[in-house]
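Take a look at the structure below.
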Amino acid sequence: MIPRMKIVPHILAAAFAAAAFVSPARAHPHVWVTVTSHVIYDAKGEATGLRQAWQFDDMYSTFAIEGLEQKTKGVFTREELAPLAEVNMTTLKDSDYFTFAKISGKDVGFADPADYWLDYKDDVLTLNFTLPFKTPQKTKDLSIEVYDPTYFVDFGFAEKDAVALVGAPAQCKAVIQKPKQMSAAPGQQLMSDAQAMAMMDNWGANFASKIAVTCP
């Protein structure tokens, strides 16, 4: 029998695929993740990647750890959670780790993740990982979004200390921009049919907050 800890991420991955066929009118999240993100800079003042922490909701956390072996009841060490972290990161690769970066409107590619692990505290799981850029980026304008296009998973930035710049040049700043609310006057068409179709393919982006980093 395949250990449950190996099955869970694949169940979630299958759910992502199924959610892609759900119409936007019916799409709604089933898993909630609270995100903190640190943008890492090197000695040259170039951005080298992101260090993220994803805290899962308590219901999903309970489901994910069910059946896992543990030496102490109610306590999971990083070592005990390591196989689950490995499978999660492998599965997330197919979804680009739900992390999207742009510089001046152009996509920035990521390399394979590093330094990843799961921890368990206060009945919730947190996935920690570093996502390096393929090449260091020297920029005055960097934007980062973390979201699931299908909106099966709702990613939201933490209320406090959601973003930090580590080793950034002086006067660099980071702010979180909330998504715009969509509304229209009675009888007014909110968007064209072409725009609506484009939104269906990337529904989760409509609910995504953005980290906007600016440097002098």
>> Against the condition touching a residue at least 40 places away in the same chain (Cβ under 8 Å), hydrophobic (A, V, I, L, M, F, W, C) and under 26 Å from residue 172 (Cα atoms), how does residue 101 come out, does it pass?
In response: yes
>> Could you tell me how many of the residues in segment 53-106 are farther than 27 Å from residue 214 by Cβ and among the aromatic types (Phe, Trp, Tyr)?
In response: 4
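To keep it simple, each residue is scored yes or no on (1) modelled with pLDDT of 95 or more; (2) in a loop (DSSP other than H, G, I, E, B).
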residue: 128; (1), (2): yes, no
residue: 133; (1), (2): yes, no
residue: 151; (1), (2): no, yes
residue: 169; (1), (2): no, yes
residue: 186; (1), (2): no, yes
residue: 189; (1), (2): no, yes
residue: 200; (1), (2): no, no
residue: 205; (1), (2): no, no
residue: 211; (1), (2): no, no
>> Take the residues in segment 99-126 that are in contact with an Asp or Glu (Cβ under 6 Å, 6 or more places away or on another chain) and under 27 Å from residue 67 (Cα atoms); name whichever of them is modelled with the highest pLDDT.
In response: 126
> Looking at 54, 32, which one is of a type in the set (A, V, I, L, M, F, W, C), modelled with pLDDT of 90 or more and surrounded by fewer than 19 Cβ atoms within 10 Å (Cβ to Cβ)?
Replying inline: 32
>> If residue 62 satisfies all but one of (1) assigned to a helix (DSSP H, G or I); (2) within 26 Å of residue 136 (Cβ to Cβ); (3) polar (S, T, N, Q), what's the number of the condition it fails?
In response: (2)
>> Among the listed residues 38, 28, identify the single one that is touching a residue at least 12 places away in the same chain (Cβ under 8 Å) and under 16 Å from the mean Cα position of the chain (by Cα).
In response: 38
> Scanning segment 74-102 for residues that are farther than 21 Å from residue 36 by Cβ, of a type outside the set (Ser, Thr, Tyr) and more than 18 Å from the chain's Cα centre (by Cα), which turns out surrounded by the fewest Cβ atoms within 10 Å (Cβ to Cβ)?
Replying inline: 74
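The values are calculated or read from the model by the stated rules, or taken from the named source; none is laboratory data. The structure presented is a predicted model; accordingly, all values stated were derived computationally and were not measured. When we count neighbours, we look across all protein chains shown, and the Cβ atoms used for this are built from the backbone with ideal geometry, even at glycine.
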